Structures are given as structure tokens and as C-alpha cells.
Amino acid sequence: MVCGGAGSGKTLLAVSFLLNGVIRFGEPGVLMTFEETAEELASDLKSLGYDLDKLAKEGKLAVDYVRVERSEIEETGEYDLEGLFVRLDDAIRSVGAKRIVLDTIESLFSGLSNAAILRSELRRLFRWLKDKGLTAVLTGERGDGGLTRQGLEEYVSDAVILLDHRVHDQVSTRRLRIVKYRGSHHGTNEYPFLIDHDGLSVLPVTSLGLCHPALKERVSTGIDRLDEMLSGQGYYRGSTILLSGTAGTGKTSLAAHFVHAACRRGERCLYFLFEESPQQLLRNMQSIGIDLQPWVDRGLLEFHADRPSRFGLETHLAGMQRAIRRFEPSVAVVDPVTNLLAVGSKSDVRSMLTRVIDYLKQESITGLFTSLTPGSTELQETEAGISSLMDTWIVLTISEENRHRRRWLSVLKSRGMAHSNTVREYALTDKGLQVLDGEPARPARAAGV
């Protein structure tokens, strides 16, 4: 049983089960709808990549529309679903169906006031479907006091899936929860899901845990002298790196060096932008001698740019994981994570990033995150929410001396390797970010520290 309010996607979830059975597993199906006609449903699903007419012509799918009008119903005598059983049986036999979907089942009882008969016929319908050996999915609208309109379907069904479409702070999120599933262990949390041109996708993000591999291979940062500060070899592959600093310290430039080096090795990189457009970043990096456009043209580098306020955190998370699964990168960059605070609290952002990090590590993808540090806030306080999740933490700062600004770089931590504990000066030049020669010294006054 799939239940939910208007716009929750319950019909799409049920039909996806039916059509994937036909397309992927060769199991014919029957779709019986009580609200939309077959033509209307086919038109709606075509925009999501499903061709109902084609499957029907091939004899793999039977679609039947049952028209129920309250104004044309007069209740008299005994009410039963015998006519529906005959109609269903004919559709099942016509294609040899293994799966069946009954969309908006409560429409059958719109003109019935006798609750006892209603409950009896619902039980008989469920038993009839089981006796036929069919895997059946029924959809229903949310009720006022229960999960469904009649308050019975959730008790008779073997499994109940609840869909919810909520809006918080003007941001909408769709979520799914398995209320019950007889005879099977199942997740009880809410899971975000997406509806787009590829249909419906659900990501069980909370099922990830601390069971990811720990690789010993090292990958270059893209800057030789920064590699030297990390025991001469750079980051661990599959680790997570945090670049934090105030505005203008060069966090994105340092990230671009890493991406450029990975693409030179022939690795695929996925870059999530929450502040700049891809075109703006490409132009800006060319000003310091880093040309990323050839890697985009060769399909090694792909950008995903979006405003954080466009979706909720869970939807951003689901979209990011979906993009990672599709592109299969070796490196993923999120720039900057602090912009996500616009759509969630610090604890919510930390929870989301924990899931992103778990997913990246599970897939052995090296993840690099940039974070903006406000100049008026203590560094340790600002980064305490996410820095503990990272394997390597590099801090970029700016100091003012004699009316000149100087940039400084330090490695605060890098798990599992020897690393420099000194502060090194660096400069942004037309040949990229360069760590300068000379004896390192700690700046006298640095913004944000």
C-alpha cells in the first residue's frame, strides 16, 4: 500500500514498480486507474521517460480506466466488487500479468456509506489478489485520522509506504517512510526522493556507516611544495579534505589545482558549485594560469551548479549522490559547504555532510570541501561542526603588515601521515598558487584567527 497527499508522487512510485517489472524483469503487468484515463496517464508518464502505449501494443501491459461518478451512484441492495474481479481477471489473463497496480482505490467506495460492507469488500479484494499470486500495489490518499481514507487498508496490507511532500521555510522536500513491511527487516527512517525527467529515485542515505576502506595510495595536491608539507606525497586517495579561510584567501584556486592535477592523470572529477557558475569559475581560474576547459571538453570534468536555497538539504544530498553514481568520479569537490547554512541549521548541515562523506568514502572517492570563515569569528568555533569529519584540514589566512596583505597556509591536521606544523607564505600568481621560498614564520596578525 502506497499512501500520501496530493503531489506526493504515490502514483508515480506505484507505476514505476509496474513498469520496471515489465522493462527490467520481463514481468507483464496490469494498471487499473480510477481517476485518470489511460490517455491522460500515458501523457503524464511520457515526460518521465515511460511509454505506456508502446508497452500496451507489445502485449506487456494492460491499462484499464474505471470511471466512478458519485452523482451517478444510487445505493440500493447489497454492494460487492464482483464486477471489478471479472474485469481484473480479464486484464490479467490478456497479458499473463505478474504485477498489478490499483491507483486511488478509495474511489471505488465514494458512493458507499455502509462502513461494514466497505471493510468486508476491501478484505475480499486483498484476499482475491493474494490468491491469484499477484504482487499488487495499491495507492490511496491520506486520511484525516489515519494513514488512509478508509482507515483499513494499512492493516490489511503486507507493506505500507508513506509519502510526504512538505514545505519548510519556503523550501519543499519529498520524503518516503516504510511504515511496515511484514516478514522483513526494513529501515524506519525518512528517506528523501526525487522526481525528475528520469522518473523517481530514492536514496537510503541513512543506511551508510563506518565500514569504508582505507586506501594507502597517495594523490598529489597539484602543488609540489604543498605535497612536501604532506610528507612529500599529497593526500590519501579516498580521504576527505577541508580547505577553510576568509574571503580572498584562494580556497577555490587551491581546489582547482587539485582538480587540474587529477584530470592530468586521466581521472574523472565532479565539481559541485554553490556560489559561482561554471563559466565564472573557468574564467577566474584562467587568470591564474589554470585552464580547466579542456578537461570539460574531454568529459573528465563535470560541473553541477545550484543555489542552496533552491532545494532543501535532503534534496541536495539526494541529487549529489545521484550525480556521483552516474558520473563515477575519482574526485568530488563541494565549493563552499558554508553556503548550505542558508537552508539548514549547523547541525542539519553537519548531518548532511556526514552522509556525503560516508558515501564518498564507501566509493573510495577523494572529497575536497571548501569553507568560508567569517573574519569576525574564531576559527575553531566556526569549523568545529565539520572539521572533525575531515581527514586533512588546511587553513588559509591573510595578515596585514605595513599596509600590505600577505597570505599564509598551514596544515592543521592530516590523519595517518606526517605533516608540516609550520605556517608557509603563498601567493596567487599568473602561474597559479605558489608556496614561497624562505624560512616560514607565523604571521603577526591574521584575519579570522
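Every read-out reported here was derived from the displayed coordinates using simple, explicitly stated rules and does not represent laboratory data. Keep in mind that this is a model prediction, so the values were computed, not measured. Using ideal geometry, Cβ is built from the backbone for each residue, glycine included, and neighbour counts are taken over all protein chains shown.
With Cα atoms as the point set, the radius of gyration and Dmax of the stretch 204-327 evaluate to 15.6, 43 Å. By the count of other C-beta atoms within 10 Å, a proxy for reagent exposure, Y235, Y50 are ordered fewest to most as Y50, Y235. Each Lys or Arg adds one and each Asp or Glu subtracts one; over the other residues with Cβ under 11 Å from the Cβ of G29, this totals +2. Find the centroid of the Cα atoms in the stretch 88-106 and in the stretch 290-320, then give the distance between the two in whole Å. So the two Cα centres are separated by 42 Å.
Its Kirkwood hydrodynamic radius, worked out from the mean inverse distance over all distinct Cα pairs, puts the stretch 218-435 at 17.4 Å.
Charging the Cβ of each Asp and Glu at -1 and of each Lys and Arg at +1, and nothing else, the dipole of the stretch 218-435 about its Cα centre rounds to 240 debye.
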